[in-house]
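Just so it is clear, none of the values below were taken in a lab; they were calculated from the coordinates. In this text the structure is predicted, and so the values were computed from the model without any measurement. Counting neighbours? That spans all protein chains shown, and the Cβs are built from the backbone with ideal geometry, glycine included.
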Amino acid sequence: MSQTISVRHDERTTDLPDGSTAIQALKALEAVRGQVVAARVDGAAWDLDRPVPDGAEVEPIYADTDEGRAILRHSTAHLMAQAVTDLFPGAKWAIGPPIEDGFYYDFDVERPFTAEDLEAIEARMHELARERQAFVREEVSHDDALAEFADQPYKREIIALVDDGRIVSEVDVAADAGDGDAAPTFTVYRNVRVGGDGSVEVAWSDLCRGPHVPSTERIPAFKLLRSGGAYWRGREDQPMLQRIYGTAWESRKQLTAHLEMLEEARKRDHRRVGRDLGLLHQPEELGPGLSIFLPNGALVRKQMEDWIRDETLARGYLPVYTPHIAKEDLWQRSGHLENYAELMYPGMEVEGASYRLKPMNCPFHIMAYTSRTRSYRELPIRISELGTVYRYERSGVVNGLLRARGFTQDDSHIFCRDDQVVDEVVACIEFARDLYRAFGLGEPSRVAVSTRPEVKAIGTPEQWARAEKALEEAAARSGYDYEVDEGEGAFYGPKIDIHARDAIGREWQLTTIQVDFNLPERFDLSYVGEDGAKHRPFMVHRALFGSIERFFAVMVESFNGAFPTWLAPEQVRVVPVAADFLDYAEEVGATLRAQGVRVHVDASDDTLGAKIRDAQTSKIPYTLVVGGAEAEAGTVAIRPYRGDQRKDVGLATFVAEVTEEIAARRTEPHG
Ligand SMILES: [Zn+2]
Ligand SMILES: [Zn+2]
C-alpha cells in the first residue's frame, strides 16, 4: 500500500498514492482552472474518478470546450434513458451519442413519444439529477455483458457486432475490442444512487465506452427538444425506433442563449421565409426534396450564378455543359454503381441500354479532359460547370433546400501535375474566401483537413500521405488555423472543408476541395510530359458554394430574407403618395431601370400606409416615397429597410448612391 504513482501535466510531475484518480492527480498538479468534466490520460478520454496508471500524462477536459460539452451531453443522454426506463417500463434502449449542440437516445417503445411525454421525461430527469447520482464505470466480461443485457436486444446486437470484429463507428457504442485473439472487454456505466448512510443502489446501466461526468451534479443545464422515428442503425430493413433529441450546456446562461438561437432559427427557416417572400415553391406534387425557384428567388440565384461564372472565367477556368443522364457503363467505370448506388436513382431503359441520372458531374468533366491528348504545357486544366445532380435522399432526411434530391453544384475539376496541386488548392481556398466575403458571410469560421478513413479507403498509404501533406501545406499557406479531422476523408482521397458562420452564429459547411487519385486511375487519365512519356495527372474536385440551393437557403436564413441590395430581387420600390403623382413615380422608376436597378412602381389603389407596409414586409432595401414636393424639386424621400429615413434627396444623388452600392456588391447598406 506504500506504492506511489507518478503523473505529469505540462512540465510538472507529482507522485501520488497508488490508486489515485484522475481528478486527484489534476488537483495535485493544480491543473484545474474551471469546470472540469473528464480527463485525458495518455491521450485517452478518461473518467475523473478512474485511477490513473503510473507514469501517466494527465490533462483536464473542461466543460466549455467541444470535447467537454460532448461528454456532458452524452452523460445527459444516460440520464434521459434512465428517466424513460422509469416512465416506460419495458422500453428497450439502443444508442445515445452526443451530436452537434446536443444529444439523442433511441428507444424501442410501444408508441411514439408525445410532447407531454417529453415534458414528463424532462421533469423526471430533473428529479434524478437532484439525487446527485454517480456515473460509475465497470469492466465486465463478454458473457457477463450478454447476461446483464439479456432483455435488451439492441445491446446484445452491439455485443455481437463487437464479436464479429465489426465495431461500427456509426454506432457509437462501444467497448474495447481487445487485442488480437483476446476476448473483448466491455465497459458498463451505472447510474448509482448514493444514500445518506453511504448505501449504494444501481438505478440504471448502459453498455458504453465512456467517459462520463462523475455525477449528475455536473449536468447544470439541459432541455429536451423533440422526438421522431429513426431506424436502428439507420437502415430501413431494421426496426423503427423513437429518437428523443435534447441539448445540454455547461451553464444555464449558455442553454438560454442556445434556445433563443433555435427560436430565431425557426423564425428564419428558409421554407417559411421563402414562401412569405415569394422566393420558393415546394408543392407536394413535385415530391420531397424538390423545389421551384419563383421569380424573386430566381433573381437572387441569378446573381449567385453570374458571380461564380464571371469569377471562374476570370480565374482561368474553362466552361463546359454536360448532360443530366448517361449510360450505365460510365457509372460502372467511375465506380459510382459500386460505391454510390444507394444514392442514385434506378436505371431508365432506352433502346436496349440503361441510363442513369447523374449524382455527380465528375465523369463528364473527365470526358471533357479526355476529348483529346493533353500536354504538360496545358496543365492545370480547370473544367467548370454549374452542374445539376440528383441524389436519392430518403424522404425522412430531406430538408428543404438544405438537403434536397436535386441540386446544382458550382462544380469544377482541376487536372494538374504533382507539383501544381498545392498551388491549385491554395487558389481554391482563396476563391472560397472571396466568395464568402461577397455574399456577406465574412471570413471562414473553420478550415478542416479530413484524412484517410479507417474503414473504406482505396489507394496506397503513400498516395494518401502525399495528398494529405499537399492539403495541409495548402491550408497552412492560405493562412488559416486549420484543424485535422482524422478519418473523415472520402474513400477516394482526403479533402478540405471550409465552414462559415451565419448571422445567428450557426456554422455551415459549404466549400469542399478534394484530391482524388481514384478516378485518374479508373479512367486511365494521362498527359504527355516534357520527357515525351505519358504521366498520370492529379484531379482536384471542388465546389465553393457547395450546392447553390443550400447556400441560397443559408443566405435566406442568415439575412432573414432581407438581402443586401445587390442580391435583392426587388432593389427599389417607388410609392406615390396619391394617384396624382404616379407620373413622377414612373419617371423615377424609369430613371433607375435605365441604370440597371430592379425597381417596381406601386400603382395600386391601396392607401399610402398599406403600400409602405407592403414594401417593408417584402424587405425591399429602398422605398422611395414621392408626392407634390418631390415632383416639383426632382427629389425623393428615402425609407430604407435598414437605417435612417432621408428627405429631399436629389434623384440623381440617390441613383448614384444605389448604383455604386450595387456595383460594389456591398453587404452593408449606406449610413
Ligand atoms: Zn455512455
Ligand atoms: Zn467531382
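What the table shows:
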| quantity | calculated |
| --- | --- |
| Region 408-531: relative contact order as a whole-number percent, Cα under 8 Å and 6+ apart | 28 percent |
| Rounded FRET efficiency, nearest 0.05, which uses the C-beta distance separating Gln616 from Ala664 and R0 of 22 Å | 0.35 |
| Trypsin sites (Lys or Arg not before Pro) restricted to DSSP loop in region 184-249 with at most 11 other C-beta within 10 Å | Arg235 |
| Total charge dipole magnitude, the chain, about the Cα centre, Cβ charges on Lys, Arg, Asp, Glu only, Debye to nearest 20 | 1440 debye |
| Global form of region 601-667, assessed from the alpha-carbon gyration tensor, a/c cut-off 1.5 | oblate |
| Centre separation in Å (Cα based) which lies between region 263-277 and region 450-464 | 41 Å |
| Within straight-line cross-link reach of Lys92, lysines at Cα separation under 27 Å, skipping those fewer than 8 residues along the same chain | Lys155, Lys223 |
| Packing rank of 561-568, 635-642, where each peptide gets the mean count of other beta carbons within 10 Å, highest leading | 561-568, 635-642 |
| Equivalent ellipsoid semi-axes - Cα gyration tensor, the chain, angstrom | 50, 35, 25 |
| Proximal lysines relative to Lys495, as straight alpha-carbon distance under 19 Å, when same-chain residues fewer than 8 apart are discounted | Lys456, Lys469 |
| Estimated distance in nm for a label pair at Thr65 and Ala123, the labels positioned 7 Å out from Cα along Cα-to-Cβ | 3.9 nm |
| Cα lying deepest toward the dipole's positive end in the chain, options Val447, Leu299, Leu255, charges on Cβ | Leu299 |
| Among His78, Pro564, Tyr392 the positive-end extreme of the charge dipole of the chain (Cβ point charges) | Pro564 |
| Ordering of 342-354, 102-114 by burial proxy (mean other Cβ atoms within 10 Å per residue, highest first) | 102-114, 342-354 |
| Label point distance in nm, Ala45-Arg111, each placed 7 Å from Cα along Cα→Cβ | 3.6 nm |
| Dipole-positive endmost among Phe186, Gly229, Thr460 within the chain (Cβ charges, Cα centre) | Gly229 |
| Pairwise centroid distance, computed over Cα atoms, of region 602-668 with region 186-248, Å | 57 Å |
| The chain - percent relative contact order, Cα under 8 Å, separation 6 or more | 8 percent |
| Of the chymotrypsin sites (Phe, Trp or Tyr not before Pro) in region 25-95, those whose Cβ has at most 13 other Cβ within 10 Å and which sit in DSSP loop | none |
| 22 Å Cα-Cα reach of Lys611 towards lysines, excluding residues that sit fewer than 8 places from it in its own chain | Lys619, Lys647 |
| Centroid-to-centroid separation of region 487-517 and region 379-419 [C-alpha atoms, Å] | 13 Å |
| Inter-label distance, nm, simple model (7 Å from Cα along the C-beta direction), Arg417/Asp10 | 5.0 nm |
| Arg477/Leu313 FRET efficiency (R0 41 Å; Cβ-Cβ; nearest 0.05) | 0.95 |
| Residue-averaged 222 nm ellipticity for the chain, from DSSP H runs of 4+ at -39500 (n - 2.57), nearest 500 | -10000 deg cm²/dmol |
| Förster radius 35 Å - calculated FRET efficiency between Arg266 and Arg33, Cβ distance, rounded to 0.05 | 0.45 |
| Kirkwood Rh and Cα Rg combined as Rg over Rh, evaluated for region 345-484 | 1.00 |
| Neighbourhood charge, 9 Å Cβ-Cβ cut-off, centred on Tyr482 and excluding it, Lys, Arg +1 and Asp, Glu -1 | -2 |
| Gain on full stretching of the segment that runs from Asp485 to Glu430 - 0.36 nm per residue minus C-alpha separation | 17.7 nm |
